[in-house]
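The values are calculated or read from the model by the stated rules, or taken from the named source; none is laboratory data. All values derive from a computational prediction rather than experimental measurement. For neighbour counting, all protein chains shown are included, and Cβ atoms are generated from backbone atoms with ideal geometry for every residue, glycine included.
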Amino acid sequence: MIIPVWIIFASSTHSSLFINTNGLQFFLGDNFVENYSRVLFKKSGFFKEITAFKMFFNSFVMAIGIATLSVVTSLMAAYGLVYFKIKYATIIFWLIFITLLVPLELRIMPSYIIMSKLNLVNTFAGLILPISASAIATFFFRQFYKSIPDELLEAAKLDGTSSWRFFIDFLVPLSKTMIAAVFIFMFVFGYNQYLWPLIMTTSEQYWTVVMGLKTMYGSISDRFAFVIMSMIPPVIIIVFLQKLFIQGIFQSK
Amino acid sequence: MGFLELQNITKIYPNGTKAVDETSLNIDNGEFVVFVGPSGCGKSTLLRMIAGLEDITSGKISLDGNLINNIDPSERDVAMVFQNYALYPHMSVFNNMSYGLKNRGISKDEINNKVNDVAKLLEIDQLLSRKPSMLSGGQRQRVAMGRAIVRNPKIFLFDEPLSNLDAKLRNQMRLEIKKLQRQMGVTSIFVTHDQTEAMTLGDRIVVINNGVVEQVGTPKDIYSKPKTKFVAEFIGSPQMNLFQSKIENGLAKISDIQIKLNNTLNIEDACVGIRPDDILISDKGEYSSLANLVEYLGSDMIIYSSIGGQEFSCKLSSKINLKAGDIFKFDISPSTVHIFDNVTGYRA
């Protein structure tokens, strides 16, 4: 798996002319800085309105937004379902869970109509909101909360905690590992979105990396450089949170 | 009027199970009361109702003269030690102990002082920065107690706090709890299913069975004058021997042996209870029986035997030379015999 990635990376450091004449390269060339800075800041797209740098920024905002909102909404939804005496909590939970069966593509028209009526086309809010509630994350948190012994809540109650404080002081820190996992999962999910941003944006200003991959026209080494760079944000997030994840595993028991 | 007063407390769960039935109890200030009974008898439910963790179906609970039926658990001024300690796993020992104080809006300096004082008292002052997962069972137990003590409550509630410890540590902690309670003079209620714990800890013991209080009294009272057959069987180790018998004019007949009692009772369907250590082995004994099995316990030994198909055990010093298969002679003093009416279950 590493070798193809390496070949793309090595090739991206050569000039286009060199690759066109000599094929893919296994060893590094000397055009690294030149190629990458050109790709990052060159205006591209049909109207030459956006740079690769801006695409990265857009993708990053979108993915972070989706991941953060998913974590927050599903944490709270699960809290409500498990800890409050809601009469039909189980049925409500399964209703939420059933939405897993409905992929984004199926509800893409109604979602678009709602967003356009709210005047959110061509905004980050429009890109983020419709995919920022996750049934699977709610499921994970719900199962995790159910495994927390009742005595903990009872001890906290005797210690005078309110329902809000119990959530902030207990459930959030206790589910730290789970939050890291869901965050990684949702970040990658958000970063990889293609169809939704394609429909939601008419302005090139809001293009994301995945959209850019398809429309990148340029020399072959530029495209390779873009591909390599497009892999960096998820890798950073995973590496960064992996640490937290492992730490969490060792701390909580 | 007691410090803690329970009046006709009843708990019926939504599925119709009656966990506690019309229980009334008065507990004095500074008293150490133990609720004891087999598992599922309602003792924990009763404790949890006092703590406010369980709704009361009917009845009244008042603490220090105030009705607390509908008061939030945190405002009842009670502290509880749970069976599995329920320490907050993500917080350090210090934070575990100070969390309740912080929620009450007590100043930082005061919290520091209080926690440090209690930590010293319990000898856990070296552990304040550790997480619960880094502590041993006994240390966790201390932290759980520290968390209760630091709040300076009107009542301590202990919900089988020693059942997760090994035997040696359990005895040690038992002594320590007793000592601490004496030292601080805080009213305490301790729930356990272990009669040894109940006997050693309590100023008074409340024996509960099937949601009903069978007997309330000092350990001595309960041991020497059990009010019902259940209490007789439950308190004391080894268990009291119970023989089905017929009593005619103060003469108890257990198959072919007869015991002359100190009274002139007449009970058709009676139960005669004799504690294993009240069966006195002697060469001149009036009765004799065959030792089926001998259990050697170091200083004591327990002999299992039977009279007319009814098994019984006796406890005696292991200095006596007796093996399984031997015939032994014994005496029973009429004053140590407990008589119960099988129909009512009560002491006759």
Does B:Ile27 meet the test of being within 16 Å of B:Ile155 (Cα to Cα), in contact with a Lys or Arg (Cβ under 7 Å, 6 or more places away or on another chain) and of a type in the set (A, V, I, L, M)? no
Go through (1) surrounded by 16 or more Cβ atoms within 10 Å (Cβ to Cβ); (2) small (Gly, Ala, Ser); (3) over 27 Å from the mean Cα position of the chain (by Cα) and name the single condition A:Gly23 misses. (1)
Just to check your reading of the model, which residue among A:Phe60, A:Phe53, A:Phe93, A:Phe140 is assigned to a helix (DSSP H, G or I), of a type outside the set (Lys, Arg), surrounded by 17 or more Cβ atoms within 10 Å (Cβ to Cβ) and at pLDDT below 90? A:Phe140
Boolean, B:Gly52 is in contact with a helix residue (DSSP H, G or I) (Cβ under 8 Å, 6 or more places away or on another chain) and within 16 Å of B:Lys11 (Cα to Cα): yes
Single match in A:Ile184, A:Ile128, A:Ile148 (criterion: of a type in the set (Val, Ile, Thr), away from chain B (no Cβ under 14 Å), in contact with a helix residue (DSSP H, G or I) (Cβ under 7 Å, 6 or more places away or on another chain) and farther than 19 Å from A:Leu198 by Cβ): A:Ile184
Can you go through A:Leu120, A:Leu153 and tell me which one is surrounded by 14 or more Cβ atoms within 10 Å (Cβ to Cβ) and more than 11 Å from chain B (Cβ to nearest Cβ)? A:Leu120
Can you find a residue in region A:82-89 that is without any contact (Cβ under 8 Å) to a residue 24 or more places away in the chain, among the aliphatic types (A, V, I, L, M) and under 16 Å from A:Leu129 (Cα atoms)? no
Output for Cβ contacts, cut-off 8 Å, separation at least six or different chains, first residue surrounded by fewer than 19 Cβ atoms within 10 Å (Cβ to Cβ) in region A:197-217, second of a type in the set (Ser, Thr, Tyr) and assigned to a helix (DSSP H, G or I), reads A:Ile199/A:Tyr112; A:Val210/A:Ser59; A:Val210/A:Tyr191; A:Val210/A:Ser230; A:Leu213/A:Ser230
Among (1) buried (at least 20 other Cβ atoms within 10 Å of the Cβ); (2) within 19 Å of the chain's Cα centre (by Cα), the one test that B:Ile61 misses: (2)
Number of the exception - B:Ser39 against (1) away from chain A (no Cβ under 14 Å); (2) surrounded by fewer than 22 Cβ atoms within 10 Å (Cβ to Cβ); (3) over 30 Å from A:Ser147 (Cβ atoms): (3)
Scope region A:26-47; condition within 27 Å of the chain's Cα centre (by Cα) and without any contact (Cβ under 8 Å) to a residue 12 or more places away in the chain; matching residues: A:Ser37, A:Lys43
Is there any pair with a first residue in region A:168-193 that is closer than 23 Å to A:Met229 by Cα and a second that is outside any helix (DSSP H, G or I) whose Cβ atoms are under 9 Å apart and which are 6 or more apart or on different chains, and what are they? A:Phe185/A:Ser134; A:Met186/A:Ser132; A:Met186/A:Ser134; A:Phe189/A:Ser134; A:Gly190/A:Ser132; A:Tyr191/A:Thr208; A:Gln193/A:Thr208
Which strands (runs of 3 or more DSSP E) sit wholly inside region B:286-348 and have at least 1 residues that are more than 26 Å from the chain's Cα centre (by Cα) and under 15 Å from B:Ser245 (Cα atoms)? B:300-307, B:310-317
